[in-house]
Each structure stands twice: as C-alpha cells, then as structure tokens.
Amino acid sequence: MKRVLITGAAGGIGRSLRETLRGVYPILRLSDRVALAPARDGEEVDCTELADMAAVERMVAGVDGIIHLGGISGENDWPVILEGNIIGLYNVFEAARQAGVARIVFATSNHAVGFYPRAQKIDHRVVPRPDSRYGVSKAFGEALASLYSDKHGMAVLCTRIGNFGSRPIDRRRLSIWISPRDYTQLVRIGLEHPDIRYEIVYGVSRNQRSWYDNSNAERLGYRPQDDSEPYAEEVRAAEAGAPPADPIAERYQGGTFCAAEYTARPRRA
Ligand SMILES: NC(=O)c1ccc[n+]([C@@H]2O[C@H](COP(=O)([O-])OP(=O)(O)OC[C@H]3O[C@@H](n4cnc5c(N)ncnc54)[C@H](O)[C@@H]3O)[C@@H](O)[C@H]2O)c1
C-alpha cells in the first residue's frame, strides 16, 4: 500500500484516522466535499463530490487502497441518502474497479442490522435488518461490495461500525462502542491482511456488553485493546433520572433509529 485514499476525510472518523495512520503508509490522499486542513508531508488533499463520477475517477487515480467513509452518516430524507450513500458509493466502487484498485475498507454500520433485538447476539452471517433509510443504504453498500468482490476480485472489508469515539456516551453505546485505536487496527487489517476477499466484521471494541459475536474479526487477527466497561458507572450516573426510554428503542439494537417513524405498533399489539 503506497497511496491510501480516505473518503469523508473531513468527518469525525476521517480526521482521527488522518492522525493515527500518519506515517503508516507513504501517502495518505484525503478527500471530502468540504474543505480539509492543508496537506502535510506524506499527504495529498482533494475536494470531490462523490455523486460526480468524473470527479470520483480523478479522486481514485493512482491509489492502492481506499478507506470509504464518505457519505451521509445518519438518517435523512431519501434524496439525500440516495445521492451520498447509493450513487456516491456506487461511483467509488465502479471508479475503483476501472482504476484497478485492489482493496476497499467500507464503513458500514450497526444500523444495517439495527432491527435485531438486543436480547440476541448476532454474528457476521445474519441477514441485514436495516432500521432506517440510512441502514438500507449501508446494506446496499455491503451488497455492492460483495458483487465487486465476487465478480471483479476486489478485496473488501466491511466494518459494521457501532459507535466511534473517545468514550461511550450512553448505555446503548456501552454495547457498541469502538475506540479510535481499535478502529485503526481494524482498518489496517482491511488494507493489509493477505487473505481478505469479502468479509463483514463488527467495528466494536472488546466490550463486555457487546451484542455481537465478532469471531470473524478475531479470525482475521483483530485484538481490540479497549472495553467500555470502565465507563459504565459514569454513564449510569449521567442517565439517572432521565425520562423512560421509548420501548421500541430499548428493545432493538438500533435504538432510536428503530423508534423513529415507527408505525407497526398497532399491528404488533
Ligand atoms: N461515527 C460513527 O460512530 C459511525 C458509526 C457507524 C457507521 N459510521 C460510518 O462511518 C463513516 C464516517 O463516519 P463519521 O462519523 O466520520 O461521519 P461524518 O458525517 O462526520 O463524516 C462524513 C464525511 O463525508 C462527507 N460527505 C458526505 N457526503 C458526501 C458526498 N456526497 N461527497 C463527498 N463527501 C461527502 C462529509 O462532508 C463528511 O465530512 C460514515 O460512512 C458513517 O456512516 C460511522
């Protein structure tokens, strides 16, 4: 891996990876549609709208691997999701194929499987149960990645990220949190592991309260360093006295993404 492209590099995860991957690969090409901090040694800065195929072709030229973070990172209206996460994602994979890029690490989401109940531990083999239009777009991304792997031999690691941050911010996040250093480790596996063709793993730390069987990541050598448990008491104290949570949000792994716009209640009752 000589030149690695990060899309969505101006976002929360992109800014973090810009630091943790600094010096790991000779050149990081950092791309977003919004302005980025100026390039330092070993960096290239690029401004690309992912829905613009011609611009995406220029963005991927000469790269060996892609960390695809760019897109809409939460629920939104369908035209917005369509542009960023369906058309934009397709453009990245298709331009990568045309340019002969061998590897993509794709930032998919727990919301691709958000309608699994919290009472059920799930692994990488479960069928998608998206909890939102956003979750559907991530399931689409996983499916497109599978196609490009099977049909074109592209190596893709789909990382179903739980919640990325320096610490877990609420009770749900105690089960799905991933620290920056653990996500960096997972991304490096995606770019460097010799045997990856198409894999789904959960982007979570070594949380005692995890809802995931992440044995596929462990099989690929993932050894997370962080656990949310030391933050559990702090989270409990912060949430004490809060109004009761929506029962739909509480029942399912996707939380409030499941409860939003939910209209199935009368039938289920
Ligand atoms: N942060 C998390 O906990 C988390 C959890 C699950 C999945 N993810 C996924 O990881 C990725 C990165 O997450 P994040 O938290 O850094 O998100 P973010 O919203 O902070 O960053 C996303 C970046 O993508 C850029 N972008 C959006 N649409 C674009 C377009 N059409 N063309 C070019 N750039 C575009 C935005 O400008 C932004 O800088 C996202 O794909 C998100 O869905 C994140």
Checklist entry - Just for region 169-192: of the residues that are within 23 Å of LEU21 (Cβ to Cβ) and not in a helix (DSSP H, G or I), which one is farthest from the ligand (Cβ to nearest atom)? => result SER179
Checklist entry - When only residues in region 230-269 that are touching a Lys or Arg at 6+ places or on another chain (Cβ under 7 Å) and in a helix (DSSP H, G or I) count, which is modelled with the lowest pLDDT? => result GLU239
Checklist entry - Just to be sure, is ALA155 within 19 Å of LEU220 (Cβ to Cβ), over 14 Å from the mean Cα position of the chain (by Cα) and open to solvent by less than 20 Å² (accessible area, probe 1.4 Å)? => result yes
Next on the checklist: Please return the ranges of helices (runs of 4 or more DSSP H) entirely within region 17-108 where 2 or more residues are more than 20 Å from SER149 (Cβ to Cβ) and free of Cβ contacts under 8 Å to residues at least 12 places away in the same chain.
Outcome noted: 53-60, 78-81
Checklist entry - over 18 Å from the mean Cα position of the chain (by Cα), surrounded by 13 or more Cβ atoms within 10 Å (Cβ to Cβ) and within 26 Å of ILE67 (Cβ to Cβ): does that describe SER228? => result yes
Checklist outcome for this item: Within region 17-45, the residues that are in contact with a helix residue (DSSP H, G or I) (Cβ under 6 Å, 6 or more places away or on another chain) and within 10 Å of the ligand (Cβ to nearest atom) are SER31
Next on the checklist: Just the residues that are touching a strand residue (DSSP E or B) at 6+ places or on another chain (Cβ under 7 Å), more than 9 Å from the ligand (Cβ to nearest atom) and farther than 20 Å from THR256 by Cβ, please, taken from region 94-120.
Outcome noted: ALA96, VAL101, ALA102, ARG103, ILE104, VAL105
Next on the checklist: So ALA51 ticks every box in (1) among the aliphatic types (A, V, I, L, M); (2) out of contact with any strand residue (DSSP E or B) (no Cβ under 8 Å at 6 or more places or on another chain); (3) within 25 Å of ILE189 (Cα to Cα); (4) within 13 Å of the ligand (Cβ to nearest atom) but one. Which box is left unticked?
Outcome noted: (3)
Checklist outcome for this item: With the first residue restricted to region 231-244 and required to be surrounded by 11 or more Cβ atoms within 10 Å (Cβ to Cβ), and the second required to be at pLDDT 95 or above and of a type in the set (Lys, Arg), Cβ contacts under 7 Å at 6 or more apart or on different chains are TYR231/ARG167; VAL235/ARG171; GLU239/ARG171
Checklist entry - Which members of region 62-81 meet the condition of being open to solvent by 50 Å² or more (accessible area, probe 1.4 Å) and of a type in the set (A, V, I, L, M, F, W, C)? => result TRP78, VAL80
Checklist entry - Is it the case that region 158-168 has a residue that's on the phi < 0 side of the Ramachandran plot, in a helix (DSSP H, G or I) and touching a strand residue (DSSP E or B) at 6+ places or on another chain (Cβ under 8 Å)? => result no
Item to check | Enumeration of residues in region 87-99 that are hydrophobic (A, V, I, L, M, F, W, C) and either open to solvent by 30 Å² or more (accessible area, probe 1.4 Å) or closer than 22 Å to LEU36 by Cβ (or both) | outcome: ILE87, LEU89, VAL92, ALA95, ALA96, ALA99
Checklist entry - Restricting the search to region 1-16, which residues are more than 7 Å from the ligand (Cβ to nearest atom), open to solvent by 20 Å² or more (accessible area, probe 1.4 Å) and not in a helix (DSSP H, G or I)? => result MET1, LYS2, ARG3
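The values are calculated or read from the model by the stated rules, or taken from the named source; none is laboratory data. Predicted model, so just to flag it, every value in this text is computed and none were measured. Using ideal geometry, Cβ is built from the backbone for each residue, glycine included, and neighbour counts are taken over all protein chains shown. For accessibility, only protein heavy atoms count, side chains too; no ligands or nucleic acids. Shrake-Rupley method; radii C 1.70, N 1.55, O 1.52, S 1.80 Å.
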